[in-house]
Amino acid sequence: VWKVNNEYYKAVYEIVEVENKFYGKVHKYDDGKEQYLGNNKKEDYFLTDVELNGDRYINGKMYMLDGTYYEVIFTLENENTLKVEMTVEGHPYSETWNRKL
């Protein structure tokens, strides 16, 4: 379970592994305009198809509420810090997720 707290939003996500791929579901999300509390349903899953390749997690797709998605790469910087990289509106973007202890 990972926490995100940056200038754009706050969230709590859970990453699960199923048959050598990783998926992410929302527990909480708040960007100041929209709030969402996960209810353990299929629509809580926003991240799909992430695969481990060396020390990076690649091929991920992070879906937005409108159905669009960003391709995303994760790098585990240490056991409690996950670096998330993607391109948003044509610009590189990265953020840090911290393990919820």
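Key figures
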item	result
R0 of 25 Å, Cβ-Cβ distance Glu14-Glu89: FRET efficiency to nearest 0.05	0.40
Computed magnitude of the charge dipole of the chain (debye, nearest 20; Cβ of K, R +1, Cβ of D, E -1)	320 debye
The chain - accessible surface per residue (Å², probe 1.4 Å)	70 Å²
Calculated from backbone phi, Karplus (6.51, -1.76, 1.60) coupling profile of the range 3-10 in Hz, x at Gly/Pro	9, 10, 8, 10, 6, 9, 6, 10
Accessible-area composition of the chain, carbon plus sulfur, in percent [1.4 Å probe]	47 percent
Gain on full stretching of the segment that runs from Asn39 to Met64 - 0.36 nm per residue minus C-alpha separation	7.3 nm
Tyr69 accessible area, assembled protein chains, probe 1.4 Å, Å²	100 Å²
Relative packing of peptides 23-29, 49-55 - highest average C-beta neighbours within 10 Å first	23-29, 49-55
Bins of 5 Å, starting at 0 and running to the largest distance - Cα pair percent for the chain	3, 12, 22, 30, 22, 9, 2, 0
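The values are calculated or read from the model by the stated rules, or taken from the named source; none is laboratory data. Keep in mind it's a predicted model, so treat the numbers as computed, not measured. Glycine gets a Cβ as well: all are built from the backbone with ideal geometry, and neighbour counts include every protein chain shown. Surface areas here come from the heavy atoms of the whole protein model, side chains and all, with no ligands, DNA or RNA. Shrake-Rupley method; radii C 1.70, N 1.55, O 1.52, S 1.80 Å.
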